[in-house]
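The values are calculated or read from the model by the stated rules, or taken from the named source; none is laboratory data. This one's a predicted model, so the numbers in the text were calculated from it and none came from an experiment. Because the Cβ atoms are built from the backbone with ideal geometry, glycine has one as well, and the counts that use them run over all protein chains shown.
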Amino acid sequence: MRLRTIPVLPALLAFASLARLAVAFRAPTFLEGDSQSYLLPAWDLLNGNGFNPEIRRAPLYPLFISGVFGWLGQDLDAVSFAQHLLGLATVAATYLAARRLFGTLAAVLAGLAVAISGPLLIYERYLMSEAVFTCALSVSLLSLLYALCRREGDRFRAEDGSRSWLGAAAFALAGATLALAALTRPIAQALVALALAAILLHVPRWRRALSSAAFLLLGVAVVMGPWSLRMLSEHGDPSTSGGLGRSLIARSVKYAPEDFVDWKWLSETYDDRDDVEARARMLLYSKRRTIRSSRSVRGYQDAVIQELRVSPAQADQLMRSAALEAIGRKPLEYLRDSIVFSGQLLIGSEISPRSEWKQRQDKSWEEQWPDQLDPLVEPVSFAQQHDRPIAETILGMFQPTTFSFVLLPLATLGAFLVGTPSVGRLALLPMGYVLLLIGLSAFLDGPAIRYRVPLEPALAVLAAGGVAAILRRLRLPKGVGRHLASTVEPLPRRAS
Amino acid sequence: MRSSGMSAGVVMWPRQHADLLGIGFLTLLALGMRAQIVFRAPVFMAPDSLGYFLPAYDLVTGQGFDVGFRRTPVYPLFIAACLKLFGEDLSAIVATQHLLGAATAALTYLIGRVTVGRLVGLVAGALVALDGALLVGEHYLMTEGVFIPLLALTLLTLILAVSRSRAEQGTAGNTGRPRASLLVGAGLLMGLTALCRPVAQPLIVLAPLALLLGGWGWRSTIVGSVAFGAGFVALLAPWAVYNAASHGDASTTGVIGQAMLARTAYYDRGFVFYDERQPERGQDAPRAAARRIVENAKRDRLQGGAIARRLQSELDLSDPELARLNRELALDVILRQPAYYLQGTAAMTWQLFQAEYDRVGYDWKTQGRRVSRDEWPDRAAHLLANPTDAQNEERGRVEAATNIWQPAFWAPWLPLASFLGLTLAFVVGGPARLLLLPGLATFILLLTSAAINGPLPRDHYPTDPYMALAAVSAVVLAYRLIARRRQAASETQPRAAPESADAATSGSQPSSATSHLGQSLG
């Protein structure tokens, strides 16, 4: 029986479901200090106090939490459960994307890798945006691939000259899903540019390329437009998140080498000045060691807001200015360090469920969070404690970064050497996702290992493609080769 | 034409995959309803919940598997599987039961689809998806969560086994054979169902009835029944042997004695167990001490389980001895007052048919009651908890979800409509006649429950899907019969000379709207 004739996707989803069900009731919902910045606006929205996420937070994840609370109940485990469902959608999107590019066997391999990926499972249990972002990225990649792959002769016009609405809808959908990713984490806004580039490079005739791009942008505008308008009216800035300044401070002070910022020059230049910009820089100077040793830049941001009596948007602007100044003084070092950080992110490191569990259990979240959130944080139960070894085993059973030395070369192979005519350069699209987002994370924030997690599906697709490329070139026995050929070759595109 | 070709494909796909869409819609609807309760409500507990949970917990923790004489093994094994797969969390068990509940909605659709038609399956499936009583039943740590989907699967398999293909329907005589493999499978499933709740054992009579309803001859009926029976016995026999070896009694229905005691001493207080003024029931009559205990317990309004425990402790009986004594005591009073018993059974059966409104408020505190009564042994007590503040705050939402629809809201019209539907199914014939199978199953289950156990409200839950099917079928089949008769009447009338082609067409055929509606109802 050929692989294609087996109901592969349902079997894959059943397998992924089992893995998730095995931890759904055994592990607690993991929490980070930043979790409350998503939880509080969601709780406020549900309880009629309006919707006011922090300026650095994009709105989709708090809205997701609010929706889950409204539908399933005010229970953090309900959020984890819903994120596991999104995880299944991620598995499906990965499978379909890999099948479109490289064939069924690659799709199965990629789907399996995502189904049991320890970091993905762990972050589906985290009250952080990774699970939603991963799903949104995977779905946007899939929709973009399908929109581009539909290209066969006349995209928008049939033989009788009438318009084909499906082609336009595909690009609009791709744009909408990209916008959803951007509304989860603003860094995904850069993918719009990538998508436009892909359209212009892949769609041969410039008029059709332009109309495809226009529909993509329409999809983006419809989804992102309302939030951008709200940001413009409230903060004078239409960007979906005002957190760039804080990120750049993290990049230039927390993650960069200690001597990256010329502190001597800074203190000598700004010590005598009394303007807001100078005071912000002197505050940065006084808190430089605290920023390096703490988990986030929050302390500095709060100090800027309180001591300088500025709004969050103004504080972010001040931080952005200070960071850009430091970067501007050492551009080559900045570039060098960013490339190193990119490499670190690409290679990755193990995400241990043990440390996440310990943090969840040992920290007293009730003391740190607003009182209204206290009822939501239940202690880790006796049964969860009892089952902790099993949960940790499942959550840690497959760590892709352990095999980076194999997976990255395979991914490169998959992206550049696939060589099948029907797929062509489209295999570069997932590689574009990976390099762009990792690069931007490294340049604009730092090598926080969780930034790699949402890109695991794209890497899995590419690595599986690399396996497919190798198998295609091997001299296999006839029967095996014929069987693999039927599973390795991508699906034929639709006839015109 | 690429554009119209693609558009036509988009339009045709739903028509070609109507069943898939129907099942998908019902599953999503059922899951959406169950999502309202699974995280919001504490797990509900009945007094019997511990008797199912503890053997499962002991099995998982390596302390053996002993369900005792009263219980059957399927539900404890299900709990053990959940504990093993998903961890020590009662919520995982009820969440799995809710998933099975969603499957029940899909199975209801399929039963309706195979017998009467898609519309019946869709509407009945939607009623099952929305049924608040089933939502509550699935949230209990009790056998309903597994029994209901098992029964639905069994009935569907039996219906498929005896259904004739379209080619077979068109030929005269008994061509073809019922599907033997499906009959054996149905027998196995029925055995599994009976090992979940012994009240399903009388349903074994459905096999020959199904074959007869399916239009098969006597020979096929006998052979098919044997195949079904083989599957049934294949599962029940080992358990009977196990009971014989462990408890000295091969019965697979050890619970019946206590149930009958509840029927005659708790749900119906008109039976006399002990009366000093009557020699056959006085001090000198057999088992006087036991009868006196039961009469006093009846006066104290103790439930069946409490009466049985009192008997066991005061007379120092083993489980099989207690079961035997319960049965004998109950049968004794029934045989002395047979008319009263039959009258009471009929009334209780009708009471069960009408169902009872399930109030979440009563169920809500059941787990907390188990905590406060210290009923659970220490090794499993850590799994119990009172409802959290967040759950108590959202109780209204759970109540609203369970109050969207319950069969009791439409009593007595729902059971009356279901009777009508079954009658029409018999009259219409063809595949619709197989709807009588779930109808008969409903009747047998409720009658058996009323006769042996009493009008326990949750005994109605397993029959909700089939009452919905039969009731909806009443509307559809009535329409079909009327349409059929109109068509027959118009065909027998002499035709006038047509003045135009339109006049000839409009006089002899039903209107397009009617025929279209008829097609959709068919």
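Taking A:R273, is it out of contact with any His (no Cβ under 9 Å at 6 or more places or on another chain), at pLDDT 90 or above, surrounded by fewer than 17 Cβ atoms within 10 Å (Cβ to Cβ) and of a type in the set (D, E, K, R)? The answer is no for A:R273. In the set (1) away from chain A (no Cβ under 14 Å); (2) surrounded by 17 or more Cβ atoms within 10 Å (Cβ to Cβ); (3) not in a helix (DSSP H, G or I), the condition left unmet by B:L414 is number (3). When region B:14-40 is limited to residues that are among the small types (G, A, S) and within 14 Å of chain A (Cβ to nearest Cβ), the one that is nearest to B:V128 (Cα to Cα) turns out to be B:G32.
Here A:G343 passes the criteria (1) without any contact (Cβ under 8 Å) to a residue 12 or more places away in the chain; (2) over 30 Å from A:A460 (Cβ atoms) except the one numbered (2). Here the condition is being over 27 Å from B:Q406 (Cβ atoms), surrounded by fewer than 22 Cβ atoms within 10 Å (Cβ to Cβ), of a type in the set (V, I, T) and touching a helix residue (DSSP H, G or I) at 6+ places or on another chain (Cβ under 7 Å); of B:V123, B:V114, B:V60, it holds for B:V60 alone. Take the conditions touching a helix residue (DSSP H, G or I) at 6+ places or on another chain (Cβ under 8 Å) and modelled with pLDDT of 95 or more and apply them to B:L153. Does it pass? It is true that B:L153 is touching a helix residue (DSSP H, G or I) at 6+ places or on another chain (Cβ under 8 Å) and modelled with pLDDT of 95 or more. Inside region A:114-138, residues that are part of a helix (DSSP H, G or I), in contact with a strand residue (DSSP E or B) (Cβ under 9 Å, 6 or more places away or on another chain) and of a type in the set (S, T, Y) make up a count of 1. If a residue has to be crowded, with 17+ Cβ neighbours inside 10 Å, at pLDDT 85 or above and under 28 Å from the mean Cα position of the chain (by Cα) to count, how many in region B:304-321 make the cut? The qualifying residues number 2.
Screening region A:365-379 for residues that are buried (at least 17 other Cβ atoms within 10 Å of the Cβ) and farther than 13 Å from B:D389 by Cβ and picking the one that is modelled with the lowest pLDDT gives A:W365.
Number of residues in region A:220-279 that are closer than 21 Å to A:S441 by Cβ and among the hydroxyl-bearing types (S, T, Y): the value is 6. The single condition among (1) touching a helix residue (DSSP H, G or I) at 6+ places or on another chain (Cβ under 7 Å); (2) within 22 Å of A:A14 (Cα to Cα); (3) surrounded by fewer than 24 Cβ atoms within 10 Å (Cβ to Cβ); (4) in contact (Cβ under 8 Å) with a residue 40 or more places away in the chain that B:G185 does not satisfy is (2). The condition (being surrounded by fewer than 20 Cβ atoms within 10 Å (Cβ to Cβ), more than 11 Å from every other protein chain (Cβ to nearest Cβ) and of a type in the set (V, I, T)) is satisfied by just one residue among B:V43, B:V74, B:V11, B:V67: B:V11.
Of the residues in region A:314-327, not one is free of Cβ contacts under 8 Å to residues at least 40 places away in the same chain and among the small types (G, A, S). Looking at B:A346, B:A339, B:A390, which is the one that is within 14 Å of another protein chain (Cβ to nearest Cβ) and in a helix (DSSP H, G or I)? Exactly one residue qualifies, and that residue is B:A390. Taking the criterion of being surrounded by fewer than 15 Cβ atoms within 10 Å (Cβ to Cβ) and under 28 Å from the mean Cα position of the chain (by Cα), the residues of region B:357-395 that qualify are B:Y357, B:R359, B:G361, B:Y362, B:R369. Applying the condition of being surrounded by 21 or more Cβ atoms within 10 Å (Cβ to Cβ) and of a type in the set (S, T, Y) to region A:13-53 and asking which residue is nearest to A:E367 (Cα to Cα) yields A:S35. Quick check: anything in region A:335-347 buried (at least 19 other Cβ atoms within 10 Å of the Cβ), over 23 Å from the mean Cα position of the chain (by Cα), in a helix (DSSP H, G or I) and modelled with pLDDT of 90 or more? Checked region A:335-347: no residue is buried (at least 19 other Cβ atoms within 10 Å of the Cβ), over 23 Å from the mean Cα position of the chain (by Cα), in a helix (DSSP H, G or I) and modelled with pLDDT of 90 or more. Within the option set A:V253, A:V261, A:V220, being outside any helix (DSSP H, G or I) and buried (at least 22 other Cβ atoms within 10 Å of the Cβ) holds for one residue only, A:V261.
One residue is enough: does region B:74-81 have a residue meeting the conditions without any contact (Cβ under 8 Å) to a residue 60 or more places away in the chain and within 19 Å of the chain's Cα centre (by Cα)? Yes, the conditions are met somewhere in region B:74-81.
A quick yes/no check of all residues on (1) of a type outside the set (S, T, N, Q); (2) more than 14 Å from chain B (Cβ to nearest Cβ); (3) in contact with a helix residue (DSSP H, G or I) (Cβ under 6 Å, 6 or more places away or on another chain):
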site: A:P389; (1), (2), (3): yes, no, no
site: A:F398; (1), (2), (3): yes, yes, yes
site: A:T401; (1), (2), (3): no, yes, no
site: A:M431; (1), (2), (3): yes, yes, yes
site: A:G439; (1), (2), (3): yes, yes, yes
site: A:F443; (1), (2), (3): yes, yes, yes
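In the set B:A441, B:A489, B:A451, B:A468, only one residue is modelled with pLDDT of 95 or more and either hydroxyl-bearing (S, T, Y) or over 17 Å from B:E356 (Cβ atoms) (or both); that residue is B:A441. For region A:367-387, taking the residues that are of a type in the set (S, T, N, Q) and either closer than 20 Å to A:I122 by Cβ or away from every other protein chain (no Cβ under 14 Å) (or both), the one that is nearest to the chain's Cα centre (by Cα) is identified as A:Q368.
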